[in-house]
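Structure record follows, encoded as structure tokens.
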Amino acid sequence: MQNRATVAWLFLFPSLLLISAFTLYPVIYSFTLSFQDFQFLTLTGTWIGFENYRRLFDDPMLGRAFVNGLLWFVGNLIPQIILGVGFALILNMKFRGRGIVRTLVILPYFLPGISMFLTWRWMYYDVNGIINHVLQSVGLIDDRILWINSTNLAMMSVVVVGVWRYTPFVVLNCLARLSSIDSTLYEAAKVDGASVFQRFIYITLPQLRSVILIVVLLRGIFTFNKFEEINVITEGGPLGSTTTLPVLSYERAFGALEVGEGSAINTLIFLILSVVAVLYLLNLKPAKELDE
Amino acid sequence: MNINTKQLKFIAGRIVLWIVLIPIIVYSTFPVYWAFVSSFKSQPELFGNPPTLFVENITLQNYVDLLTKTPAPQWFVNSLIVSVSATSICIVLASFGAYSLTRFRFRGRYVLANGILFVYMFPAIMVGIPLFFFLDRLNLLDSLLGLIIAYSSITLPFTLWLLRAFFQSIPLSLEEAAFVDGATRAQTLRIIVLPLALPGIVASAVFTMITCWNEYVFAFLFIFTETYKTVPVGLHSFLTQHGNLWQYIFPLTILSAVPLFLFFLYIEKHLLETLGGALKG
């Protein structure tokens, strides 16, 4: 038995080594950097205790980034869940051409991200962007709207892109669950005289409940982490109106060359993430679930 | 009469269904359509106002210019080198790891599996900033090798998790029967497990390829030399201080989507079966 455990760890060792060296170690290194005044050019640091954290909490930008992050989070999550579940229910119906429609609806999630974000940026252009042009043509707006160049609308505009790209994630997960519902359940209910509506309420919804819980947690974490669409479409602007915590962390470390402050933000991100991740792992026990 | 109303009801239902479906399809596909038509527009048409919904004069000039006047071909080669290398490393290591997690009952395997899942939730920017200085110390900054190692590491948790699910779906009884017949572990692995796991391994490899092909944050942070850039970072670098080179962005968008689209068609059939609940993005 001793021997088997050795083999087991031997098989895992290369993976664990690579993950430890290039993912775990950097995160630990980031903790230590957050207590240092680190010089970008000389790559040397001096220990300054909690100075980075103190400066960070004195900075009004941190609060703004937190609020922006909350807007980004809620604005993404709620439409993604509603649209995702809705699309999944429709795509679970039987109709001709369903396969192709499914492919087209899932496609945004699998397209090259940066090029699609750039395309959205082009569509949002105020002068000859297609969105303003269409809205003007149908008479919904009179003046051109500054979608990504106004502090009021920029966040909403990037949120729309996030919803567009990541709703298919919810659709996929819900479809996977819907297609695994035992069809005899529906037939039995039909025999007992349940209406379409009742069948939906008493069979479909309870089956979807667990998958929605998982999707909310996972999408929540991934949304909170997002950096690239904001960096490509608005670069955190205008005037910091789309700066979320990951964007602020990047700006501090590589824009202002305040590596210590950037690292302190990373610590905050890690703490928030850990709370959600622990909730997820404790409540859903994903490792054991797959085993059974 | 009865059949007629039933048919009528059916047809009305279909019409309502498609009235709902068509906006959903347009919403999902319009940006792709827009990048596609924009790539074939001449520069006056592309930058003209108002924008044209269809191409008036189809031209391939943007594609020709992209391939001859910019480093885009080099970026393609770089993306290919990095994606294929990182995927190969990741898949080999993850296959051993996933086999171990599913076929050995050792203490701590649940904690380990959960720990791996936790690592896979780390934001790229949180890992990327400190990794920048670590790679610098290892002399791996601004090099494809550094990117390959970083990609193998960040894709491992997800691929391990995915392969673990695939290995779990292979019934143990086959292997137990082989053991009873006197097969060694190596023989069982080669004759039973590997052939059965192969479709899962290939699907995971394709998935890892997609992740690497699309990866932006690390490449954006770690690469500065023009000729070492990958496609996503190269695309972004067309937004310059002297103006945005949209005439190059759209052809490169279409060209870089072709391999992804082929990958997508390949794994699509696996999506609903095995990948549900295990995706990242």
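FYI, it's all coordinate maths here, none of it is from the lab. Since this is a predicted model, take the numbers as computed values, not measurements. In this analysis, Cβ positions are derived from the backbone assuming ideal geometry, glycine residues included, and neighbour counts consider all displayed protein chains.
Kindly list, by first and then second residue, each pair from a residue in segment B:127-143 that is more than 9 Å from chain A (Cβ to nearest Cβ) to a residue that is small (Gly, Ala, Ser), limited to pairs with Cβ atoms under 9 Å and residues at least 6 apart or on different chains.
B:138/B:146; B:139/B:146; B:140/B:146; B:140/B:150
Given (1) closer than 30 Å to residue A:168 by Cβ; (2) within 11 Å of chain B (Cβ to nearest Cβ); (3) touching a Ser or Thr at 6+ places or on another chain (Cβ under 8 Å), identify the lone condition not met by residue A:80.
So residue A:80 meets the others, but not (2).
Test each condition in (1) closer than 26 Å to residue B:15 by Cβ; (2) basic (Lys, Arg); (3) part of a helix (DSSP H, G or I) for residue A:121 and report the one that comes out false.
All conditions pass for residue A:121, except number (1).
Need at least 3 residues that are more than 10 Å from every other protein chain (Cβ to nearest Cβ), under 30 Å from residue B:151 (Cβ atoms) and out of contact with any Ser or Thr (no Cβ under 7 Å at 6 or more places or on another chain) per element, so show me which helices (runs of 4 or more DSSP H) inside segment B:1-82 make the cut, counting only ones lying wholly within it.
Of the helices (runs of 4 or more DSSP H) lying wholly inside segment B:1-82, those with at least 3 residues that are more than 10 Å from every other protein chain (Cβ to nearest Cβ), under 30 Å from residue B:151 (Cβ atoms) and out of contact with any Ser or Thr (no Cβ under 7 Å at 6 or more places or on another chain) span B:61-69.
Which of the residues belonging to segment A:62-76 are in contact with a Ser or Thr (Cβ under 8 Å, 6 or more places away or on another chain) and surrounded by fewer than 21 Cβ atoms within 10 Å (Cβ to Cβ)?
Across segment A:62-76, the qualifying residues are A:64, A:73.
State yes or no: is residue A:132 buried (at least 16 other Cβ atoms within 10 Å of the Cβ) and of a type in the set (S, T, N, Q)?
When the stated conditions are applied, residue A:132 passes them.
Do we have residue A:235 as buried (at least 22 other Cβ atoms within 10 Å of the Cβ), within 12 Å of chain B (Cβ to nearest Cβ), closer than 24 Å to residue A:151 by Cα and acidic (Asp, Glu) here?
no
Could you figure out which of (1) part of a helix (DSSP H, G or I); (2) more than 27 Å from residue A:231 (Cβ to Cβ) isn't true of residue A:143?
(1)
Look through segment B:103-162, keep the residues that are within 21 Å of the chain's Cα centre (by Cα) and polar (S, T, N, Q), and return whichever of them is farthest from residue A:280 (Cα to Cα).
The residue in question is B:152.
Quick one: which of A:81, A:90, A:114, A:148 is buried (at least 22 other Cβ atoms within 10 Å of the Cβ) and either in contact with a His (Cβ under 8 Å, 6 or more places away or on another chain) or assigned to a helix (DSSP H, G or I) (or both)?
Only one candidate passes the filter, namely A:114.
Scan segment B:73-95 for residues that are under 30 Å from residue A:6 (Cβ atoms), surrounded by fewer than 19 Cβ atoms within 10 Å (Cβ to Cβ) and not small (Gly, Ala, Ser) and jot them down.
B:92
Answer yes or no: is there a residue in segment A:210-232 that is more than 30 Å from residue A:174 (Cα to Cα), within 12 Å of chain B (Cβ to nearest Cβ) and basic (Lys, Arg).
Checked segment A:210-232: no residue is more than 30 Å from residue A:174 (Cα to Cα), within 12 Å of chain B (Cβ to nearest Cβ) and basic (Lys, Arg).
Pull out all pairs, ordered by first then second residue, where Cβ-Cβ is under 9 Å, the residues are six or more apart or on different chains, the first lies in segment B:16-32 and is surrounded by fewer than 14 Cβ atoms within 10 Å (Cβ to Cβ), and the second is in a helix (DSSP H, G or I) and aromatic (Phe, Trp, Tyr).
B:26/B:33
Residue by residue through segment A:51-81, note down the ones that are closer than 15 Å to residue A:258 by Cβ and among the hydrophobic types (A, V, I, L, M, F, W, C).
Passing the criteria: A:56, A:57, A:61, A:62, A:65.
Looking at A:27, A:7, can you tell me which residue is among the aliphatic types (A, V, I, L, M), in contact (Cβ under 8 Å) with a residue 24 or more places away in the chain and within 8 Å of chain B (Cβ to nearest Cβ)?
Exactly one residue qualifies, and that residue is A:27.
Any idea which residue in segment B:223-244 is farthest from the other protein chains (Cβ to nearest Cβ), counting only those that are in contact (Cβ under 8 Å) with a residue 12 or more places away in the chain and aliphatic (A, V, I, L, M)?
Restricting to residues being in contact (Cβ under 8 Å) with a residue 12 or more places away in the chain and aliphatic (A, V, I, L, M), the top hit is B:223.
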